[in-house]
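Note sheet for the following structure.
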Amino acid sequence: MQKYQERKRSGRNAKTGVKTDTMEYVLECLRNNTTKVRNIRSYMLTTLYNAPVTCSNYYKAEVNHDFYGK
């Protein structure tokens with residue numbers, strides 16, 4: 001029970017251990033994807049594995065685009 005409460009406080013999903021903002025990023029990437037995904041399981045595993053590293057860079061690029069037009 002204590003581990004569940006710790007995960008809940010840190011913003012992590014109790015079942016998967018993935019942070020909420022990371023899940024939002026992955027779902028947004030799926031929405032913006034225009035190419036056909038042949039192996040959805042592999043795509044999801046890769047996206048979830050790489051999400052913590054690429055998430056911050058993605059949002060920095062979005063902010064730069066919105067504010068500075070770069």
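Values in this text are rule-based calculations from the coordinates and carry no lab data. It should be emphasised that the depicted structure is a prediction, and the values quoted were computed from it without experimental measurement. No Cβ is skipped: glycine too gets one built from the backbone with ideal geometry, and neighbour counts run over all protein chains shown.
By average Cβ neighbour count within 10 Å, what is the ranking of 32-43, 55-66 from highest down? Numbers along the way, then the final one.
Working: 32-43: 8.6, 55-66: 11.3.
Averaged packing, sorted descending, gives the order 55-66, 32-43.
Return the long-range amide H neighbours of Lys19 (sequence gap of 5 or more, or a different chain), with a cut-off of under 5 Å between placed amide H atoms.
Asn13
Could you calculate the contour length gain from Leu30 to Asn64, that is, 0.36 nm times the residue separation minus the distance between their Cα atoms, to one decimal place in nm? Please list the in-between numbers first.
Details: separation 34, 0.36 × 34 = 12.24 nm, distance 2.16 nm.
Roughly 10.1 nm would be gained on extension.
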